[in-house]
Amino acid sequence: MDILIKNCRLLGSEKLFDVGIEDGRIKEIKEKANGRMNDKAREEIDAGGRLLTSSFFNMHFHLDTVFTAGQPRYNASGTLLEGIEIWEERKKSLTEKDVIERCEKAVEIFTLYGTTFIRTHADTTEKELTSLKALLKAKKLFGDLCDIQITAFPQDGILTQKENAELLEKAAELGADCIGMIPHNEYTREDGIDSIRIAFDIAQRHNKDVDGHVDETDDPDSKFLEVVAAETIKRSYQKRVIAGHTTAMGSYDNAYAFKLFGTLKKAEITIVSNPLVNANLQGRFDSYPKRRGLTRMKELLNSGINVCLGHDDMLDPWYPLGTGDMLQVLFMALHLAHFTSREELLNALDLITTNGAKALRLNDYGIAPGKKANLVLLNAKNEIDALRILGPPLLVIKEGRIVASTIDGPKIYRKGKPKEVELFTS
């Protein structure tokens, strides 16, 4: 075998296991009580009773805006709208080199923290499509560290400029994986509805999934998610649609929300919550009580709707912080959603692992013989400590290769060669 991880714990069990990896996949899992594996391995790692999980998903991020905080100015109001205004100024100076260099640093950090799957959004309302073209190159350049999917994202809206729909179509032709939308940012409710239909039309023409920013506002009258769900059902696009943010749901009347859950379940839509960033952006127009910008995670999950988490932003016009650690995102989500019963905590890692695999329809993900060896060895001996202590894992494995380690300092491995990861911003 290539790698043997000895004496590790797996989710939901107090027992110790040995996990063998060969040719990029999990070859064998053996309970320690039944004796050690007979196969020799080129590299053996003693986990010392620590928790081995599948690697993490960041299901909503903006790699094109990462590390642009303060360029050309900082967001003084902390609002979503000022962030959009600042990015409008910054994207005038975008180059592919600029985007790729910032993207590389972000991917290295995410990999170090155990994330090997990123769904990123690329702004397509810049006429040269610089972000999209750069991220298509980054997807290939950094694919050894992280699998990147790209959503063509009309940041300024689809109908706010006459060429934006054409640019979205061109993005699909150039190779974007998904088609995005932002209906709450259109000029009118009617334009928002039309923009949803345009996005679905483009997605269907090019056989792409749909991944929209939907109802990212505290406005209880922003109800575009119901339109997205209805279009999904009418077009038989179940399991191919993701709605990000949906923070207006936190302000909906309970009777309306209950009806909406039934439609979402029928549409088999995945909801992606971004608790770090939305806790920062939302509630800015409130006095007290202040809303905290979270969709109804607990109620959605209890209704049988798939929910995942995204980091969304890091050191950019919308969020002045960010570590790249999906465990930190999960930590914030658990607090804001009151997701802290014993059972909820023990199952919490699903929000950044198996639920992401479900959203992307990955059948070879998980810890079982024959599955791809995408694994994270956490510096924790149980689920509670993983959520409590946080921090980077000891080891990250992507398709059977060690791609990151913190055992002897924070390092990633490109073509087998170690490279120290710089976590500081200056």
Problem set entry | Residue count for region 306-346, restricted to those that are acidic (Asp, Glu), within 25 Å of residue 12 (Cβ to Cβ) and outside any helix (DSSP H, G or I) | 1
Problem set entry | Qualifying residue in region 247-267 (condition: touching a strand residue (DSSP E or B) at 6+ places or on another chain (Cβ under 6 Å), closer than 26 Å to residue 313 by Cα and surrounded by 18 or more Cβ atoms within 10 Å (Cβ to Cβ)) | no
Exercise. What residue, among those in region 136-153 that are touching a helix residue (DSSP H, G or I) at 6+ places or on another chain (Cβ under 7 Å) and assigned to a strand (DSSP E or B), is surrounded by the most Cβ atoms within 10 Å (Cβ to Cβ)?
Worked result: 152
Exercise. Of (1) in contact (Cβ under 8 Å) with a residue 40 or more places away in the chain; (2) assigned to a helix (DSSP H, G or I), residue 169 satisfies all except one. Which?
Worked result: (1)
Exercise. Taking region 79-99 as the search range and keeping residues that are without any contact (Cβ under 8 Å) to a residue 60 or more places away in the chain, assigned to a helix (DSSP H, G or I) and of a type outside the set (D, E, K, R), which one is surrounded by the most Cβ atoms within 10 Å (Cβ to Cβ)?
Worked result: 99
Problem set entry | Any chance residue 202 is out of contact with any Pro (no Cβ under 7 Å at 6 or more places or on another chain), in a helix (DSSP H, G or I), touching a residue at least 40 places away in the same chain (Cβ under 8 Å) and of a type outside the set (Lys, Arg) | no
Exercise. Looking only at residues in region 7-19 that are assigned to a strand (DSSP E or B) and over 28 Å from the mean Cα position of the chain (by Cα), which one is surrounded by the fewest Cβ atoms within 10 Å (Cβ to Cβ)?
Worked result: 7
Seminar exercise, completed: The condition from (1) buried (at least 16 other Cβ atoms within 10 Å of the Cβ); (2) closer than 27 Å to residue 334 by Cα; (3) assigned by TED's automatic domain parsing to the domain that holds residue 47 that residue 350 misses is numbered (3)
Problem set entry | The listed residue being surrounded by fewer than 17 Cβ atoms within 10 Å (Cβ to Cβ), under 17 Å from residue 84 (Cβ atoms), charged (D, E, K, R) and modelled with pLDDT of 95 or more, out of 156, 201, 219 | 219
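Somewhere in region 242-256, is a residue among the acidic types (Asp, Glu) and under 22 Å from residue 286 (Cβ atoms)?
Filtering region 242-256 for residues among the acidic types (Asp, Glu) gives 253.
Add one more test, that the residue is under 22 Å from residue 286 (Cβ atoms), and what stays is 253.
Within region 242-256, one or more residues are among the acidic types (Asp, Glu) and under 22 Å from residue 286 (Cβ atoms).
Quick check: is even one residue across region 36-49 closer than 30 Å to residue 155 by Cα and either part of a strand (DSSP E or B) or in contact with a helix residue (DSSP H, G or I) (Cβ under 8 Å, 6 or more places away or on another chain) (or both)? Before the answer, list the steps.
Initial filter on region 36-49 (closer than 30 Å to residue 155 by Cα): none.
No.
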Exercise. Just wondering, is there one or more residues in region 100-115 that are part of a strand (DSSP E or B), small (Gly, Ala, Ser) and modelled with pLDDT of 95 or more?
Worked result: no
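The values are calculated or read from the model by the stated rules, or taken from the named source; none is laboratory data. From a predicted model like this one, the values you see are computed outputs, not experimental measurements. Counting neighbours? That spans all protein chains shown, and the Cβs are built from the backbone with ideal geometry, glycine included.
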